[in-house]
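Data first, discussion second: the structure below is written as structure tokens.
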Amino acid sequence: MALSDFAVVVLAAGKGTRLKSSLAKVLHRAGGRTLIEHVVRACQALKPRAVVAVVGHQAADVSAILKPAGVQAVVQQPQRGTGHAMLVARRAVGSRAKFVIVLPGDAPLVRAETLAELARLHRQSNAAATILSAEVAQPAGYGRIVRREDGTVEAIVEDAALTDEQRAINEINSSIYAFTLDKLWPCLARLRPNNAHRELYLTDAVALLRAQGETVNALMAADADEVLGCNTRADLAEVDLAFRRRKRAELMAAGVSMLMPETVLIDPDVTVGPDTVLEPGVQLLGKSRIGAGCTISTGSILSDVTLEDRVLVKPYSVMYSSYLSAESQVGPFAHLRFAVRLLEGARVGNFVEVKNSVLGERVKAMHLTYLGDARIGSESNIGAGTITCNYDGVSKHPTTIGRRVFIGSDTALVAPVKVGDGAYIAAGSTVTHNIPSDALAIARGRQVNKLGWAAARRRETAAAAKHKSRPKRKRVAKRVRVTRGKAAAAAKRARKPGRLR
């Protein structure tokens, strides 16, 4: 779709007081992106002549998000309402656009297809303004759309001004509009701040257009979720849920199976191939790409990862920025982070952490292991408790392990170190030097068995404990007898004749 005669203005200057946050409203996140990113993406899909964002609160931070998308930001300072925001945007909109779509930056669920339909209706009906409306079950708090008999809009009536009859209306104003610019600009010039907040409102411009006899239409959105705003934390949660429902429905329609789908969280840029199974509590985040026929088991979190076909992720595994080739397996309780690559058939097991490493084809690291800054050749076996000691307190160092290497349990590889193809390392070794191919490395103290030592030690311990306890009781008794004897002698001396008393 291309709307070359339309400009788009996104109103993103507000603070969002009801969110009770130090963060600008449009910078809050739902559905895996900031609110304004969702809105801008929908607008850019229309291919309009220009997309302009009116910013104000935390303008620099909002502009930083908009700049990579090619959106021009203009600052509204001070913020004096939506009508004033449009006047601020006028120069950026320019004179070449004939129409404009205006929408708030906190309406992230609106679809590009709906905006395109709004533009089509507006252009075809030769209206001065067209409002995107929605029918909701609980319209309290929203302005209502009052229609004439011919279906055009008579007025937008705010909730506080509704009559009893109008209060029964369920069609609400979304604050998303299409305007014909040569009719909008004169009305904006006539706006006056005749309200409690002393601000200029776009709804007043709609009223002026209608009073002039201009046609004002309304398009009812097919999905009322599209007009949901984010004024409170509860609104944010509802919008996030709506995004998640959309994404799950999209993937299930494409052949992805989900067990208890309401528990599965998937970001909007994630792709998943057919016949993949997502178990309860799975999170697929960022720009993860999941192939066909994979299984992602309960509680696993994958962020910015790529899985080729038929990868098995066992329960409660966590992965970031990693690449897993076909037929590889991870988990349960595994942690892959930052530039990990598993080649075909590689297996990483329970309580294994891998960081910035490449595991070759059919490598196995199945238990209680840390592999950091390592390159491991195909068909090598990493024993339980193996650690690559990659950090010396100042710098990180690499560990290189060749093909078909067998590393015994509880081995520490002190980097930088290289292990040649086909080498063996004895369990419990601390390896500090390179190991040639096909060699056996033993880096531990020689075992000495002292016969009878343990039994003798137990006897000595028992005897020492007995000896220690007996003298202590005797010393206590002796002290008592001495004390009593001294007291008796003193009493006897005191009874002698001539003793001063």
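Is it the case, given these coordinates, that LEU200 is in contact (Cβ under 8 Å) with a residue 60 or more places away in the chain and in a loop (DSSP other than H, G, I, E, B)?
Criteria met by LEU200.
Any residue in the range 133-151 that is among the aliphatic types (A, V, I, L, M) sitting within a Cβ distance under 9 Å of a residue that is open to solvent by 30 Å² or more (accessible area, probe 1.4 Å) and assigned to a strand (DSSP E or B)? List the pairs, counting only those 6 or more apart or interchain.
ALA134/MET220; ILE145/GLU154; ILE145/ALA155; ILE145/ILE156; ILE145/MET220; VAL146/GLU154; VAL146/ALA155; VAL146/ILE156
Just wondering, is there one or more residues in the range 246-259 that are surrounded by 15 or more Cβ atoms within 10 Å (Cβ to Cβ), touching a strand residue (DSSP E or B) at 6+ places or on another chain (Cβ under 6 Å), basic (Lys, Arg) and closer than 27 Å to LEU35 by Cα?
Looking for residues that are surrounded by 15 or more Cβ atoms within 10 Å (Cβ to Cβ), touching a strand residue (DSSP E or B) at 6+ places or on another chain (Cβ under 6 Å), basic (Lys, Arg) and closer than 27 Å to LEU35 by Cα, one finds at least one in the range 246-259, hence yes.
Any residue at all in the range 410-429 that is open to solvent by 20 Å² or more (accessible area, probe 1.4 Å), at pLDDT below 95 and of a type in the set (Val, Ile, Thr)?
no
Sort out which residues of the range 102-125 are surrounded by 18 or more Cβ atoms within 10 Å (Cβ to Cβ) and either under 19 Å from ARG246 (Cα atoms) or not hydrophobic (A, V, I, L, M, F, W, C) (or both), and write them in order of number.
The answer is PRO104, GLY105, ASP106, ALA107, PRO108, LEU109, VAL110, THR114, LEU115, HIS122.
Sort out for me the strands (runs of 3 or more DSSP E) sitting completely within the range 259-348 that have 2 or more residues that are touching a residue at least 12 places away in the same chain (Cβ under 8 Å), farther than 18 Å from PHE243 by Cβ and over 14 Å from the mean Cα position of the chain (by Cα). Walk me through it before giving the result.
Working: elements: 283-285, 301-303, 318-324, 335-342.
Per the criteria, 318-324, 335-342.
Would you call ASN195 under 20 Å from ARG144 (Cβ atoms), without any contact (Cβ under 8 Å) to a residue 40 or more places away in the chain and in a loop (DSSP other than H, G, I, E, B)?
Against the criterion (under 20 Å from ARG144 (Cβ atoms), without any contact (Cβ under 8 Å) to a residue 40 or more places away in the chain and in a loop (DSSP other than H, G, I, E, B)), ASN195 qualifies.
Based on this model, can you work out whether LEU19 counts as modelled with pLDDT under 95, open to solvent by less than 40 Å² (accessible area, probe 1.4 Å) and not polar (S, T, N, Q)? Don't jump to the end; show me each part of the working.
Working: modelled with pLDDT under 95: yes; open to solvent by less than 40 Å² (accessible area, probe 1.4 Å): yes; not polar (S, T, N, Q): yes.
Yes; evaluated as a whole, the condition is true for this residue.
Can you pull out the residues in the range 354-409 that are free of Cβ contacts under 8 Å to residues at least 24 places away in the same chain, of a type in the set (A, V, I, L, M, F, W, C) and open to solvent by 60 Å² or more (accessible area, probe 1.4 Å)?
LEU368, VAL394
If you scan the range 260-279, which residues turn out to be of a type outside the set (Val, Ile, Thr), open to solvent by less than 30 Å² (accessible area, probe 1.4 Å) and in contact with a Pro (Cβ under 9 Å, 6 or more places away or on another chain)?
Matches in the range 260-279: LEU278 only.
Report, by residue number, each residue of the range 159-175 that is hydrophobic (A, V, I, L, M, F, W, C) and either surrounded by 12 or more Cβ atoms within 10 Å (Cβ to Cβ) or assigned to a strand (DSSP E or B) (or both).
Passing the criteria: LEU162, ILE169, ILE172.
What is the residue count in the range 81-101 for residues that are assigned to a loop (DSSP other than H, G, I, E, B) and either open to solvent by 90 Å² or more (accessible area, probe 1.4 Å) or in contact with a strand residue (DSSP E or B) (Cβ under 7 Å, 6 or more places away or on another chain) (or both)?
The total comes to 5.
Out of everything in the range 206-225 that is of a type in the set (S, T, N, Q) and part of a loop (DSSP other than H, G, I, E, B), what residue ends up being least open to solvent (accessible area, probe 1.4 Å)?
The residue in question is THR215.
Name the residue, out of ARG362, ARG403, that is assigned to a loop (DSSP other than H, G, I, E, B) and more than 36 Å from the chain's Cα centre (by Cα).
Of ARG362, ARG403, the one residue that is assigned to a loop (DSSP other than H, G, I, E, B) and more than 36 Å from the chain's Cα centre (by Cα) is ARG403.
Can you name the residue in the range 176-192 that is at pLDDT below 95 and not in a helix (DSSP H, G or I) and, of all such residues, is surrounded by the most Cβ atoms within 10 Å (Cβ to Cβ)?
Restricting to residues being at pLDDT below 95 and not in a helix (DSSP H, G or I), the top hit is LEU191.
Are any of the residues in the range 222-244 more than 24 Å from the chain's Cα centre (by Cα) and of a type in the set (D, E, K, R)?
yes
When you look at ILE442, is it over 25 Å from ARG347 (Cα atoms), open to solvent by 50 Å² or more (accessible area, probe 1.4 Å) and out of contact with any Lys or Arg (no Cβ under 8 Å at 6 or more places or on another chain), yes or no?
yes
Assess whether ALA155 counts as being touching a residue at least 40 places away in the same chain (Cβ under 8 Å) and either assigned to a strand (DSSP E or B) or not polar (S, T, N, Q) (or both).
Yes.
Scanning the range 30-80 for residues that are assigned to a helix (DSSP H, G or I) and among the β-branched types (Val, Ile, Thr), which turns out most open to solvent (accessible area, probe 1.4 Å)?
Here the answer is ILE65.
Suppose we keep only residues that are of a type in the set (D, E, K, R) and assigned to a helix (DSSP H, G or I) within the range 102-129. Which one would you say is farthest from ARG210 (Cα to Cα)?
Across the range 102-129, the extreme among qualifying residues is GLU113.
The values are calculated or read from the model by the stated rules, or taken from the named source; none is laboratory data. Quantities reported herein were computed from a predicted structural model and do not represent experimental measurements. For neighbour counting, all protein chains shown are included, and Cβ atoms are generated from backbone atoms with ideal geometry for every residue, glycine included. What goes into the accessible areas is simple: the full protein's heavy atoms, side chains included, and nothing from ligands, DNA or RNA. Shrake-Rupley method; radii C 1.70, N 1.55, O 1.52, S 1.80 Å.
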